[in-house]
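Undergrad: Structure incoming, see below.
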Amino acid sequence: EGSAFVAAPLGGMTLAQLGADVIRFDQIGGGLDYGRWPLAENGDSLFWAGLNKGKRSLEVDLHSERGRELVEACIAAAGAFLTNFPARGWLSYRSLSSRRSDLVMVLLTGNRDGTSEVDYTVNPATGFPWATGPRNYAEPLNSVLPAWDAIMGGLAATGLLAADRHRTRTGEGQLVRVALSDVAFAMVGHLGRVGEAQLGSRETPKDGNYLYGAFGHDFATSDGRRVMVVALTTRQWNALLEVTGLAATVGAIEQAIGIELQSVSHRFQTRDLLAAVLQPWFEARTLKEIRAAFAGTGVSWGAYQTFSQLVREDPRCSTENEMWEVVEHPGVGSYLMPGTPLDFSAVPRVPVRRAPQLGEHTEAVLAELLGMTTAEIGHLERDGVVRCARS
């Protein structure tokens, strides 16, 4: 793996957490995102540590011809390469596959033509920022979550596995390309927004925290918290009315305005009125009381949480959930780290492994993949071609 930022490192980490031996190579001293926020107290990047768990690190001078030759040889030995680096010159598929004809390479780009984009520049073009935010907010509203990068990382791993399966069946390698803008715009299409705009010529207005196309809204509690309640199905809607004791009130509304609120579309159309009817019930109760009232009822809801509240209060983000383990990261300390969300019945869960320190595995990788001796690796290190981090 040769990567930076979110999507490509996430794709490699996804494979590592499934048990693959993922070796990332970095320029001596670290790449573009090695110091990206958030940071630990010692200045180390928790961002980098979070997206590179379970990998091994090869630290090499990518500006030198000898360093590039080492990376090319390692890619050929591995047989699979995931990258969002510019695939030209020595990192082009044509050049790399000349060393190994059945090479599988997954290339992540910004646009299909290879030009640059990142999540925070693609997202404005999707239309979602103009449909996000309070009704009276006149500007587009960005998301702090790099959603398109996250989806792209999963697709990159899927693409590599699919190409590897094709190679297993046919012996044929290939280059797999995926563009961030294609990922984002495809999802806009999958969710029906392209069809709506093209066939209905409508723009989706900002609607605060309402759920588009069904009833869903946020409510304040008596203790200053907020909850989101969603009724996508008739069962969820009826469960909400039963728990809140508002079935008779809503029935009276149906008769008064001549509308059937068992219809998901009608619930969306009357969302302001329904939210006003429900609001006093939530404002009269604490989050703890609401949690107890909704338990086991089929109501679809969730409490708003800050990052700190997530860690302190939610058992799904704790070792009660076997996805999480407390792992020590050198220089930073011990903290919760997630493994893969996938749970396989036929194989044991891969233990959560921390991200490597830069160059931590340089010596081992060169010895295992290229058969180099300790003396040969020592000469490379003395010449500044590689760096071997030793504890």
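The values are calculated or read from the model by the stated rules, or taken from the named source; none is laboratory data. Nothing here was measured: the structure is a model prediction, and the numbers come from that model. Using ideal geometry, Cβ is built from the backbone for each residue, glycine included, and neighbour counts are taken over all protein chains shown. Heads up: the accessible areas ignore ligands, DNA and RNA and are worked out on the full protein's heavy atoms, side chains in. Shrake-Rupley method; radii C 1.70, N 1.55, O 1.52, S 1.80 Å.
Undergrad: So, in Å, what gap is there between the alpha-carbon centers of segment 347-391 and segment 1-71?
TA: Computed from Cα coordinates, the inter-centre distance equals 13 Å.
Undergrad: I would also like to ask the following. Given the Cα-Cα distance of R169 and Q309 and 0.36 nm per residue of separation, how much length would full extension add, in nm? Display every interim value, and only then the final one.
TA: Numbers: separation 140, 0.36 × 140 = 50.40 nm, distance 4.86 nm.
Going from the current span to full extension adds 45.5 nm.
Undergrad: Please give the per residue accessible area of the chain, computed with a probe of 1.4 Å over protein heavy atoms only, in Å². Could you put the intermediate results ahead of the total?
TA: Details: 20690 Å² over 391 residues.
Per-residue accessible area for the chain comes out at 53 Å².
Undergrad: Something else about it: What shape does segment 1-101 take by its C-alpha gyration tensor, where a ≥ b ≥ c are the square roots of the eigenvalues and a/c under 1.5 counts as rounded, a/b above b/c as prolate, and the rest as oblate? List each step's numbers first, then the result.
TA: Details: a/c = 2.20, a/b = 1.55, b/c = 1.42.
Prolate.
Undergrad: What FRET efficiency, computed as 1/(1 + (r/R0)^6) with R0 = 45 Å and r the Cβ-Cβ distance, is obtained for Q269 and A125, rounded to the nearest 0.05?
TA: Numbers: r = 30 Å, r/R0 = 0.66.
Working from the Cβ atoms, E equals 0.95.
Undergrad: Please list, by residue number, every one of the GluC sites (Glu not before Pro) in segment 1-61 that is coil in DSSP and has at most 10 other beta-carbon atoms within 10 Å.
TA: On the way: sites: E1, E41, E59; in loops: E1, E41.
Those that pass, being in a loop and sparsely packed, are E41.
Undergrad: Continuing with this model, one more query. Quick check: net charge around Q27, other residues with Cβ under 9 Å of its Cβ, Lys/Arg +1 and Asp/Glu -1?
TA: On the way: positive: none; negative: D26, E59, D61.
Net charge around Q27: -3.
Undergrad: Which residue, chosen from H190, G302, A7, occupies the Cα position most advanced towards the positive end of the dipole of the chain, where the dipole is computed from +1 (Lys, Arg) and -1 (Asp, Glu) charges on Cβ about the Cα centre?
TA: The listed residue farthest towards the positive side: H190.
Undergrad: Taking all pairs of different Cα atoms in segment 211-339, averaging 1/r and flipping that mean, what Kirkwood radius in angstroms comes out? Write down the numbers at each step before the final one.
TA: On the way: mean 1/r = 0.0601 Å⁻¹.
For segment 211-339, inverting the mean 1/r across all distinct Cα pairs yields 16.6 Å.
Undergrad: Can you tell me how much longer the chain between A197 and Q255 gets when fully stretched, taken as 0.36 nm per residue apart minus their C-alpha distance, in nm with one decimal?
TA: Working: separation 58, 0.36 × 58 = 20.88 nm, distance 3.39 nm.
Once the chain is fully extended between A197 and Q255, it gains 17.5 nm.
Undergrad: Beyond 34 Å, what share of the Cα-Cα pairs of the chain is found? Please give it as a whole percent.
TA: Numbers: 33592 of 76245 pairs.
Distances greater than 34 Å cover 44 percent of the Cα pairs.
Undergrad: What's the local net charge at L274, with K and R +1, D and E -1, over the other residues with C-beta under 12 Å away? All intermediate terms of the calculation are to be shown ahead of the outcome.
TA: Values: positive: R267, R271; negative: E254, D272.
That sum, taken over residues with Cβ under 12 Å, equals 0.
Undergrad: Where does the charge balance sit around Y304 when Lys and Arg score +1, Asp and Glu -1, over other residues with C-beta under 12 Å from its C-beta? Write down the numbers at each step before the final one.
TA: Numbers: positive: R225, R226; negative: D218, E313, D314.
Summing Lys/Arg as +1 and Asp/Glu as -1 gives -1.
Undergrad: Quick one: with all protein chains in place, what share of the accessible area of the chain is carbon or sulfur, to the nearest percent (1.4 Å probe)? Walk me through the numbers on the way to the answer.
TA: Numbers: 11280 of 20690 Å².
Looking at the chain in its full context, I get 55 percent from C and S.
Undergrad: Using label points projected 7 Å from each Cα along Cα→Cβ, tell me how many nm separate Q279 and A295, to one decimal.
TA: Simple spin-label model gives 3.0 nm for this pair.
Undergrad: So, one more: Taking square-rooted eigenvalues a ≥ b ≥ c of the alpha carbon gyration tensor, is segment 199-248 rounded, prolate or oblate, where a/c under 1.5 means rounded and, failing that, a/b exceeding b/c means prolate? Don't jump to the answer; show the numbers that get you there.
TA: Numbers: a/c = 3.48, a/b = 1.45, b/c = 2.40.
Because a/c hits 1.5 or more and a/b fails to exceed b/c, segment 199-248 counts as oblate.
Undergrad: Turning to a different aspect of this structure: Report the calculated FRET efficiency for L145 and H379 (r = Cβ-Cβ distance, R0 = 41 Å), to the nearest 0.05.
TA: Details: r = 46 Å, r/R0 = 1.13.
Once the sixth-power term is evaluated, E becomes 0.30.
Undergrad: For F344 and A186, what is the calculated FRET efficiency with R₀ set at 35 Å and r taken between the beta-carbons, to the nearest 0.05?
TA: Values: r = 28 Å, r/R0 = 0.79.
The computed FRET efficiency comes out at 0.80.
Undergrad: Need one word for segment 272-360: rounded, prolate or oblate. Basis is the Cα gyration tensor (sqrt eigenvalues a ≥ b ≥ c); a/c below 1.5 gives rounded, then a/b vs b/c decides. Show your work: numbers first, answer last.
TA: On the way: a/c = 3.37, a/b = 2.20, b/c = 1.53.
In terms of gyration-tensor shape, prolate.
Undergrad: Modelling each spin label as a point 7 Å along the Cα-to-Cβ direction, I'd like the R88/L46 distance in nm, to one decimal.
TA: Going from the R88 label point to the L46 one covers 3.8 nm.
Undergrad: Give the angle, between 0 and 90 degrees and rounded to the nearest 10, that separates the Cα long axis of helix 65-78 from the longest principal axis of the Cα atoms of the chain.
TA: Helix 65-78 and the main axis of the chain meet at about 60 degrees.
Undergrad: For segment 348-391, just list the percent of Cα-Cα distances falling in each 10 Å bin from zero outward, please.
TA: 26, 45, 20, 8, 1
Undergrad: Which values of log₁₀ I(q)/I(0), to two decimal places, follow from the Debye formula for segment 87-228 at q = 0.10, 0.21 Å⁻¹ with a uniform point scatterer at every Cα?
TA: -0.52, -1.30
Undergrad: Using helices alone, what [θ] at 222 nm do you get for the chain, with -39,500 (n - 2.57) per DSSP H run of 4 or more residues, divided over all residues and rounded to the nearest 500?
TA: On the way: 15 runs with 148 residues, N = 391.
About -11000 deg cm²/dmol.
Undergrad: Once both axes come from the Cα atoms, what is the angle between helix 234-244 and the longest principal axis of the chain, in degrees from 0 to 90, rounded to 10?
TA: 60 degrees
Undergrad: Moving on. Which of L32, M372, T270 sits closest to the plus end of the dipole of the chain, meaning its Cα is farthest towards the positive end, when Lys and Arg get +1 and Asp and Glu get -1 on the C-beta?
TA: Positive-end residue among those listed: T270.
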